[in-house]
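Trainee: Supplied in structure tokens, the structure appears directly below.
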Amino acid sequence: MRKARSIILWAVIAVCVIGLITLPVNLQTQLIASTAVVSLMAIIKILKADGVWRLIALAFGTAIVLRYVYWRTTETLPPINQPENFIPGLLLYLAEIYSVMMLALSLFIVAMPLPPRPSRLTEKKRYPSVDVFVPSYNEDVTLLTNTLAAAKAMDYPDDKLTVWLLDDGGTLQKQNSPDVREAEAAIARNQILSSLCRELGVNYLTRSRNEHAKAGNLNNGLKHSKGELIAVFDADHAPARDFLLETVGYFEDDPKLFLVQTPHFFINPDPLERNLRTFDRMPSENEMFYGIIQRGLDKWNAAFFCGSAAVLCRRALETTEGFSGISITEDCETALALHSAGWNSVYVDKPLIAGLQPATFASFIGQRSRWAQGMMQILRFRFPLLKSGLSLPQRLCYMSSTLFWLFPFPRTIFLFAPLCYLLFDLQIFTASGGEFLAYTLAYMLVNLMMQNYLYGSFRWPWISELYEYMQTVHLLPAVISVMINPRKPTFKVTAKDESVAVSRLSEISRPFFVIFAALTIALGVAIYRVYSEPYKADVTLVVGGWNLLNLIFAGCALGVVSERGERSSSRRIKVRRRCEFGMGGTWHAASIEDVSVGGARLQVFSRELSQPDVTTEAEIRFQPHGGGEPVKLPLVVRHVEVSGDVTTLGCQYRPKGPLDHRWIADLIFANSTQWAEFQQSRRRNPGLVRGTIWFLWLSIYQTQRGLIYFLRGMAGKKNKNLGRGSIQ
């Protein structure tokens, strides 16, 4: 009876909403209604009203969006007997409908996400046996050593923890390769990593053939291990000491639990953050997904495996014959298979690993191309909406995650649609300037405000649009390719231990300069047409404004592809940790101020410290997080600065063997609290007005920086060609 009443209530509400949306009103009434809704949403936001008020604001915003969709559908499409206008007009309409559909799915998922789960560190629990898998392909040995040392140092009973290096770079297939260089490299890698694992107390495992990429490597690990639970860490994802203590207890709560996923936290900026210099003051791109979206998915039991920083149940994996490998995104595909088999998932919103992101723009695009192609494969082969065993909310959640990667299509249409009118005089959107103001501008403002409601301090205004534009240029061919041939894409490991030694333009930057030039020409045409055709200046101004917005993104993109030179791909992390500095057999009181994967900065508090050279070998002695006796870590001094009785030293680690990497890992990765504190320091919401002003200034600055890089590059090529000519 109660269910029937609920259905009737929702039906009545739906009828009322449809009636309001389709109510015929004049332009003035629409403008007043839009202004009232925007004002009301702004007031609720300014007052920081939450709970039911948040839902009320989102409901009013939804009404404006639906009103806009109704108007676009019934009044703005070009006549079908004008194909030159109708076809591009229809494509633009479909792109907008896609955006509205994704907004609707976002509202469903994150309107009221689950709050972060409380810490489980103090709970008494049983300790199930855990196999830790670190799959590897071609990663640097030092990178692997740090990750393995951190995994081995996790706070967990030794007899219940087994760490495995799953090496796909030293397989028998590679060792017997007809390419002599590849064979020799594989043999050397196998020997080096085998020795490394013996010294660290880690199991080394390779296989005969490189089949099914990462999924095949993980499944090979399953065959050779016996632990009740499987923890997976990418080669560049080092866990904190409390990772297992914060995650394994959930499996005792729910016998049908297959996954506990945690966020991917990164200690280095991605190429956009590095080149725009926003890493220390603005939330990273992935924080919107891990800070809000995964919590929203968790509410509907749809949080999915992200390939690393997760614990999985062996018993669950055995029911689906291990990790799925049809797509190149084996993580999401595996979660989809297990969710549809009736298993559950949990998301723990606490950074418990620290990883590395791609340092160059080309590597960043390569990584995103793999994600996009893999999600398209899942959409093609698994189609979540019709997947048996999933609940309706789970179907919608997985559809949202896969359909998102179609964004290159609407983004491309939004980018070039203004040019249809400005350059070719095509009428792809039949509306007056007043109608644009009453409907389209109101829709855009409401859309921005709703995104601010949903993501707040996790995503600043216009940043999502910039990220999507940057990816669209190169992801569009990749997505089209997988649509034509869904089995074509192959798994490619993303290079993450790179650095950009010299400032330069990215090798894939050319399309961004071409697009910027085309949009600049279109802006000039718009200005000319406002004066030469005053009778339709209102429409020209609107379309010109749209083109100007695209030009702002395109200009900012020039700064993104202008790679700043840096010596290291890693950033220093503040730690403030007591230690002793030893040199020449004498120890001095000191403090570790910050650390990175390569070295540390110390402050030594002693008047008796003799001035060290920049090549002086020394040691630090400190208490590890796990307790016990103080440990020593060898290093070499690289920089000296004296101020009174305080000497600041820049030092580089000089590990004498793999065991020293335990203490490097302890300095950098052991304490998960520092990651959470760093994240919180960046999570502030500038609001729409301040955020827009900031983004506009950022775009202006990055435009001129990108053009300077471009002119320098052209001058360098010219000088190089002149040099060749003189030699000839």
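The values are calculated or read from the model by the stated rules, or taken from the named source; none is laboratory data. All values derive from a computational prediction rather than experimental measurement. With ideal geometry, Cβ positions are generated from the backbone for all residues, glycine too; neighbour counts draw on all protein chains shown. Please note that ligands, DNA and RNA were not included when accessible areas were found on the heavy atoms of the full protein model with its side chains. Shrake-Rupley method; radii C 1.70, N 1.55, O 1.52, S 1.80 Å.
Trainee: Across region 151-169, what is the total count of residues that are within 13 Å of residue 244 (Cβ to Cβ), modelled with pLDDT under 95 and small (Gly, Ala, Ser)?
Mentor: Total meeting the criteria: 1.
Trainee: Right, another one. With (1) under 30 Å from residue 240 (Cβ atoms); (2) touching a strand residue (DSSP E or B) at 6+ places or on another chain (Cβ under 7 Å); (3) outside any strand (DSSP E or B); (4) not charged (D, E, K, R) as the list, and residue 627 as the residue in question, which single condition is left unmet?
Mentor: Every listed condition holds for residue 627 apart from (2).
Let's see how each residue does on (1) open to solvent by less than 20 Å² (accessible area, probe 1.4 Å); (2) over 22 Å from residue 228 (Cβ atoms):
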residue: 312; (1), (2): yes, no
residue: 320; (1), (2): no, no
residue: 325; (1), (2): no, yes
residue: 328; (1), (2): yes, yes
residue: 331; (1), (2): no, no
residue: 340; (1), (2): no, yes
residue: 348; (1), (2): yes, no
residue: 352; (1), (2): yes, no
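Trainee: Tell me yes or no: at least one residue of region 239-248 is more than 22 Å from residue 305 (Cβ to Cβ) and either part of a helix (DSSP H, G or I) or open to solvent by 20 Å² or more (accessible area, probe 1.4 Å) (or both).
Mentor: Checked region 239-248: at least one residue is more than 22 Å from residue 305 (Cβ to Cβ) and either part of a helix (DSSP H, G or I) or open to solvent by 20 Å² or more (accessible area, probe 1.4 Å) (or both).
Trainee: So which residues in region 29-39 are more than 11 Å from residue 439 (Cα to Cα) and in contact (Cβ under 8 Å) with a residue 40 or more places away in the chain?
Mentor: Result: 37, 38.
Trainee: Considering every residue within region 548-565, establish whether at least one is open to solvent by 50 Å² or more (accessible area, probe 1.4 Å), assigned to a helix (DSSP H, G or I) and at negative phi.
Mentor: yes
Trainee: Collect the residues in region 116-150 that are among the aliphatic types (A, V, I, L, M) and either surrounded by 21 or more Cβ atoms within 10 Å (Cβ to Cβ) or modelled with pLDDT of 90 or more (or both), keeping them in residue-number order.
Mentor: Within region 116-150, 130, 132, 134, 141, 143, 144, 148, 149, 150 qualify.
Trainee: Looking at (1) surrounded by fewer than 24 Cβ atoms within 10 Å (Cβ to Cβ); (2) free of Cβ contacts under 8 Å to residues at least 60 places away in the same chain, can you tell me which one residue 288 breaks?
Mentor: Tallying (1) surrounded by fewer than 24 Cβ atoms within 10 Å (Cβ to Cβ); (2) free of Cβ contacts under 8 Å to residues at least 60 places away in the same chain, residue 288 fails exactly one: (2).
Trainee: Separate question: Looking at region 602-626, I want the residues that are among the acidic types (Asp, Glu) and have a partner that is in a loop (DSSP other than H, G, I, E, B) with Cβ atoms under 7 Å, at least 6 apart or on another chain. Which pairs are those?
Mentor: The qualifying pairs are 617/654.
Trainee: List every residue pair whose Cβ atoms lie under 9 Å apart, where the two residues are 6 or more positions apart in sequence or sit on different chains, the first residue falls within region 40-52 and is in a loop (DSSP other than H, G, I, E, B), and the second residue, located anywhere, is at pLDDT 80 or above and among the β-branched types (Val, Ile, Thr).
Mentor: Matching pairs, first to second residue: 49/43; 49/56.
Trainee: While we're looking at this one, here's another question. Which of (1) open to solvent by less than 10 Å² (accessible area, probe 1.4 Å); (2) touching an Asp or Glu at 6+ places or on another chain (Cβ under 8 Å) does residue 303 not meet, given it meets every other one?
Mentor: All conditions are met except number (2).
Trainee: Ok, one more. Looking at region 373-400, which of the residues that are assigned to a loop (DSSP other than H, G, I, E, B) and of a type in the set (Ser, Thr, Tyr) is most open to solvent (accessible area, probe 1.4 Å)?
Mentor: 388
Trainee: Still on this structure, I have one more. If I go through region 403-420 residue by residue, how many of them are touching an Asp or Glu at 6+ places or on another chain (Cβ under 6 Å) and open to solvent by 20 Å² or more (accessible area, probe 1.4 Å)?
Mentor: Within region 403-420, residues that are touching an Asp or Glu at 6+ places or on another chain (Cβ under 6 Å) and open to solvent by 20 Å² or more (accessible area, probe 1.4 Å) number 1.
Trainee: State yes or no: is residue 38 surrounded by 17 or more Cβ atoms within 10 Å (Cβ to Cβ), at pLDDT 90 or above and within 26 Å of residue 296 (Cα to Cα)?
Mentor: When the stated conditions are applied, residue 38 does not pass them.
Trainee: Condition first: over 14 Å from residue 505 (Cα atoms) and buried (at least 20 other Cβ atoms within 10 Å of the Cβ). Now tell me which residues in region 696-713 satisfy that.
Mentor: 698, 699
Trainee: Mind checking whether some residue in region 638-645 is under 29 Å from residue 355 (Cβ atoms) and modelled with pLDDT under 90?
Mentor: Scanning region 638-645 turns up at least one residue that is under 29 Å from residue 355 (Cβ atoms) and modelled with pLDDT under 90.
Trainee: In this structure, does residue 91 turn out to be in contact (Cβ under 8 Å) with a residue 40 or more places away in the chain and open to solvent by 70 Å² or more (accessible area, probe 1.4 Å)?
Mentor: yes
Trainee: Moving to a separate point now. Kindly indicate which of 214, 226, 174 is surrounded by fewer than 18 Cβ atoms within 10 Å (Cβ to Cβ) and more than 21 Å from residue 662 (Cβ to Cβ).
Mentor: Unique residue meeting the criteria: 226.
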